[in-house]
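Contents: one structure, followed by commentary.
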Amino acid sequence: MKSILLLISIVCLSACSFLGERKAFPVGNYQVICGYTDEVYLRTREEKPQDAEPDTYCDNPYYHRSFLALRDQEKFVLAIDDILLHGTYRFENGRIELKDPEKGSLSLEIIQVKQDFVQLKGVFSSFNSAHVPNTEPLYINLVLDKTPLRETPSKFDHEVNMWRNIPIRAETEREVKSRVLNFLDYSIAYFQHISNAGIHRDYKMDAIESPIIYAENGIFLKEWDDVPNAWKELFYNKENAAVAYKYLLDGFKGGQKEKYQVTGLLLITFHLKNLRTSLAAQE
């Protein structure tokens, strides 16, 4: 009798371990490809279930700049539009538990794992955001990004994503300029990343909403009235946003007017680096 019970226990533990493994996913950089509010997800699941699968892609700038990076030694970076968390993580009971030592914890339920895709569910009510809904659960689709990381920092690194932290007070001119420089560092890393990936479905020049126009023949500055509200909302108020815009304008005026024998992503990256150098020289 004891041997039978022991056998049952072993089988049960093996099954639990197998199920537990299915509810985890490998380390790597996971790019957000779609998101649903609770209401939309449940309706889609009922009416068009194939559109609620973890490998469903949606087209929205918020998705292209959002990600979950899982590092070795149980370190993570989570960027969901203007929410930025980093710290340690663990898999437990079909969930991934994220712990940021400064901003608190976030528990994400693992709904599905499908090859290189994963679907997570979480509530972001504890975090301040101008764009991410926080009154109901959100479902998020992610795909493992296999692009070679040839430059550092990458767009998945914490240090180039600090601009996502929404200020809780009016910032000084120096703080505003630091936020602009950090945003440019992210923009450079973003375009380097999709350049390394080649021309594919993630090739989105408009995924970075900013005062800058990204074109095949270079970069240009928009008029103030044409600057996306999503970028202005990165700053505490309109006054701080105006300081940031003027800072960029001065950089465009004083930047080097170099000509390069390249076009597209590589040209954009060169001009962004020149703009960044010009702005830093003003400090």
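Karplus-derived 3J(HN,Hα) values for the range 162-177, using 6.51 cos²θ - 1.76 cosθ + 1.60 with θ = phi - 60°, are 5, 4, 6, 5, 5, x, 9, 8, 4, 9, 6, 4, 5, 5, 4, 5 Hz; glycine and proline are entered as x. Model label sites at R150 and E216, defined 7 Å from Cα along the beta-carbon direction, differ in position by 2.1 nm. Charged side chains reduced to their Cβ positions (Lys and Arg at +1, Asp and Glu at -1) give the chain a dipole of some 560 debye around its Cα centre.
Computed extension length for S129-E46: 26.9 nm, one decimal, from 0.36 nm per residue of separation with the Cα-Cα distance subtracted.
Scanning residues 5 or more positions from E171 or on other chains, those with amide H under 5 Å from its amide H are Y236, with H placed 1.01 Å from N in the peptide plane.
Longer than 31 Å from Cα to Cα, which of K238/K273; K114/K155; K99/K273 are they? Say none if no pair is. Spell out each step's value before the answer.
Details: K238/K273 26 Å; K114/K155 24 Å; K99/K273 34 Å.
Violating the 31 Å Cα-Cα cut-off are K99/K273.
Could you point to the residue in P228, A244, G264 farthest towards the positive end of the chain's charge dipole, with +1 and -1 charges on the Cβ of Lys/Arg and Asp/Glu respectively? It is G264.
Peptides 55-68, 102-115, ordered by how many other C-beta atoms sit within 10 Å of their residues on average, highest first, read 55-68, 102-115. As an exercise, use a Förster radius of 22 Å and the Cβ-Cβ distance of K114 and D38 to find the FRET efficiency, rounded to the nearest 0.05. Here the calculated transfer efficiency is 0.60. Full extension of the chain between W224 and A197 yields a length gain of 6.5 nm, computed as 0.36 nm times the residue separation minus the alpha carbon distance.
Over the chain, what is the mean sequence separation of C-alpha contacts under 8 Å (at least six apart), divided by residue count, expressed as relative contact order in percent? Averaging sequence separation for qualifying contacts and normalising by length gives 16 percent for the chain.
Divide by every residue of the chain the summed helix terms, -39500 (n - 2.57) for each DSSP H run of at least 4, and state the resulting mean residue ellipticity at 222 nm, rounded to the nearest 500 deg cm²/dmol. It would help to have the intermediate numbers written out before the result.
Details: 7 runs with 99 residues, N = 283.
Mean residue ellipticity at 222 nm (helix-derived): -11500 deg cm²/dmol.
One Cα centroid belongs to the range 216-245, the other to the range 114-160; the line between them spans 24 Å. Only one item in (1) 21; (2) 12; (3) 8 matches percent of Cα pairs over 37 Å apart derived from the coordinates shown, and that item is (1).
Any read-out appearing in this document is the output of simple, stated calculations on the displayed coordinates, not a laboratory observation. Given the structure is predicted, the values throughout are model-derived calculations rather than measurements. Virtual Cβ from ideal backbone geometry, glycine too; neighbours counted across all protein chains shown.
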